[in-house]
């Protein structure tokens, strides 16, 4: 009964990371300073894991048909999302599959998020109350 | 240096209430590109049954991340934040966060483990209103990468 949900694509630029840093209060320089990011062994500036999680959360809200539908939401961050200093930045692609319905009528969704074809989240699951 | 295992099972005193502002929710929703009316428009949120605008699902981390510094900044834990990456994140909601909420965080440590030269710590934050109404439980697993892994 696995039902495939429509794939959603999100563009991510450096400007998005700066805006997210301010809104979330996470000013870790790996998310805005190339010099710092490479000095700690990263390929360059990477997106906040929580920003990627927020984008996948937007996809879940669209699938559920309501922005306040999420009852439970968890992910594992498996791979960084490098964001080049270009106008295009990069893309995060989010797809989902309905895994079933709980006894109390909640819908369980398994989420896949990729960047450049590589999975950036694992064990990404949401439980939603469909409106 | 491994993390101090005696932190497991410990809880910390409640944080000072964080007053959730309407503009902060709008700013956060805008930052993640979420245009849903319930995040921005109080009238739309009221129509959905809330007192004011509703926060997106991952918004609580804006509160819990600084609240959990109670734990991770304690030198006795032995965490080197320059080697830390985010491992897992989970939220379990009783209800969404709404503008006007005064939220209190109670932090505890669920688990500390070591595997493959890396150290893992899972913190749990119970977020309630200042009147004690439960809102959301937030788990974060942080990974302290092994020293030889660095750079």
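Filtering the stretch A:3-51 to residues that are closer than 30 Å to residue A:107 by Cβ, touching a strand residue (DSSP E or B) at 6+ places or on another chain (Cβ under 6 Å) and surrounded by 15 or more Cβ atoms within 10 Å (Cβ to Cβ) leaves A:5, A:8, A:10, A:12, A:47, A:49. With respect to the stated conditions, residue B:112 is touching a strand residue (DSSP E or B) at 6+ places or on another chain (Cβ under 7 Å) and farther than 25 Å from residue A:126 by Cβ. What number of residues in the stretch A:52-69 are in contact with a helix residue (DSSP H, G or I) (Cβ under 9 Å, 6 or more places away or on another chain), surrounded by 20 or more Cβ atoms within 10 Å (Cβ to Cβ) and more than 7 Å from chain B (Cβ to nearest Cβ)? Selection size over the stretch A:52-69: 1. Filtering the stretch A:87-103 to residues that are without any contact (Cβ under 8 Å) to a residue 60 or more places away in the chain and either within 16 Å of the chain's Cα centre (by Cα) or more than 14 Å from chain B (Cβ to nearest Cβ) (or both) leaves A:101, A:103.
Quick grid of which residues meet (1) within 14 Å of chain A (Cβ to nearest Cβ); (2) surrounded by fewer than 14 Cβ atoms within 10 Å (Cβ to Cβ); (3) within 19 Å of residue B:9 (Cα to Cα):
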| position | (1), (2), (3) |
| --- | --- |
| B:109 | no, no, yes |
| B:112 | no, no, yes |
| B:118 | yes, no, no |
| B:121 | no, no, yes |
| B:130 | no, no, no |
| B:144 | yes, no, no |
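Considering every residue within the stretch A:79-86, establish whether at least one is surrounded by 22 or more Cβ atoms within 10 Å (Cβ to Cβ) and more than 15 Å from the chain's Cα centre (by Cα). No, the conditions are met nowhere in the stretch A:79-86.
Read-outs throughout are calculated quantities, based only on the coordinates presented, and are distinct from any laboratory measurement. As the structure is a prediction and not an experimental result, all values here were calculated from the model. Note that we place each Cβ from the backbone using ideal geometry, even for glycine, and neighbour counts take in every protein chain shown.
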